[in-house]
Amino acid sequence: DTAVSQTPKYLVTQMGNDKSIKCEQNLGHDTMYWYKQDSKKFLKIMFSYNNKELIINETVPNRFSPKSPDKAHLNLHINSLELGDSAVYFCASSPRASGYNEQFFGPGTRLTVL
Amino acid sequence: DQQVKQNSPSLSVQEGRISILNCDYTNSMFDYFLWYKKYPAEGPTFLISISSIKDKNEDGRFTVFLNKSAKHLSLHIVPSQPGDSAVYFCAANPNSGNTPLVFGKGTRLSVIA
């Protein structure tokens, strides 16, 4: 009974390809996020959606396009993949966008760009 | 510019002893702080939080202390158990607006049996 799930768990692809990562949460939360954990191990916010609306976009290249078909799903599409995109991508959700509330994370998707 | 700093990349503690993980922050607007625990190949799991109106929050073996004047918080685990071995992330955000959590770089705790 997974709360926040991501697919795929591992993704290996060539430079220049386009790929998508899917995320779903069954917690009934209003807000979802994408984080990137790079080789230096920092967890950095990329995007946040609240009730399907984009509320945070942290200067991520426009090759990254999030899509939220409904508030339980937040997918991440990446065009023209580059070597520097190799990282672990985490999806997360929280009950609301602001205030005192913790975020629940998915298991991560390890993306390797060759 | 790291707004949340965990200056110890790793820590080793004997089973049964106390583990103390430290975190410093620079943004005085932060007023909500969280600790997450992460096992390999899994996502971070929420552990404990504290708001700036408190200086201590306790949950079982885990206690978080907040020193606002020093912009410092710490996580105490006592007694430490081998299953506590993981990477611990400190995170913070202001309780206003849609401001994202800012994470530290993490401290890897190893509890030795």
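The values are calculated or read from the model by the stated rules, or taken from the named source; none is laboratory data. Quick caveat, the model's predicted, so the values are computed rather than measured. Positions of Cβ are generated from backbone atoms using ideal geometry, with glycine treated the same way; all protein chains shown enter the neighbour counts.
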So, first residue farther than 21 Å from A:Gln6 by Cβ in the range B:21-45, second residue of a type in the set (Val, Ile, Thr) and surrounded by fewer than 21 Cβ atoms within 10 Å (Cβ to Cβ), Cβ within less than 6 Å, six or more apart or across chains; the pairs are B:Trp35/B:Ile48
If I filter the range A:59-81 down to residues being hydroxyl-bearing (Ser, Thr, Tyr) and part of a loop (DSSP other than H, G, I, E, B), which single residue comes out as surrounded by the most Cβ atoms within 10 Å (Cβ to Cβ)? A:Ser80
Exclusive hit being over 28 Å from B:Asp31 (Cβ atoms), at pLDDT 95 or above and of a type in the set (A, V, I, L, M, F, W, C), set A:Cys23, A:Cys91: A:Cys23
Check whether at least one residue in the range B:15-37 is closer than 30 Å to A:Ile55 by Cβ, surrounded by fewer than 18 Cβ atoms within 10 Å (Cβ to Cβ) and within 10 Å of chain A (Cβ to nearest Cβ), and report yes or no. no
Residue under question is B:Lys54, and the condition is that it be within 14 Å of chain A (Cβ to nearest Cβ), over 15 Å from B:Ser8 (Cα atoms) and not in a strand (DSSP E or B); does it hold? yes
When the range B:57-113 is checked residue by residue, the ones that are under 25 Å from A:Lys40 (Cα atoms), of a type in the set (D, E, K, R) and part of a strand (DSSP E or B) are B:Arg108
Residues of the range B:58-67 classified as surrounded by fewer than 17 Cβ atoms within 10 Å (Cβ to Cβ) and either within 14 Å of chain A (Cβ to nearest Cβ) or at pLDDT below 95 (or both), total: 1
So for the range A:16-33 (the condition being within 10 Å of chain B (Cβ to nearest Cβ), crowded, with 16+ Cβ neighbours inside 10 Å, among the aromatic types (Phe, Trp, Tyr) and in contact (Cβ under 8 Å) with a residue 60 or more places away in the chain), does at least one residue qualify? yes
Considering each of B:Val87, B:Val102 in turn, give the residue that is closer than 14 Å to B:Ser19 by Cα and within 14 Å of chain A (Cβ to nearest Cβ). B:Val87
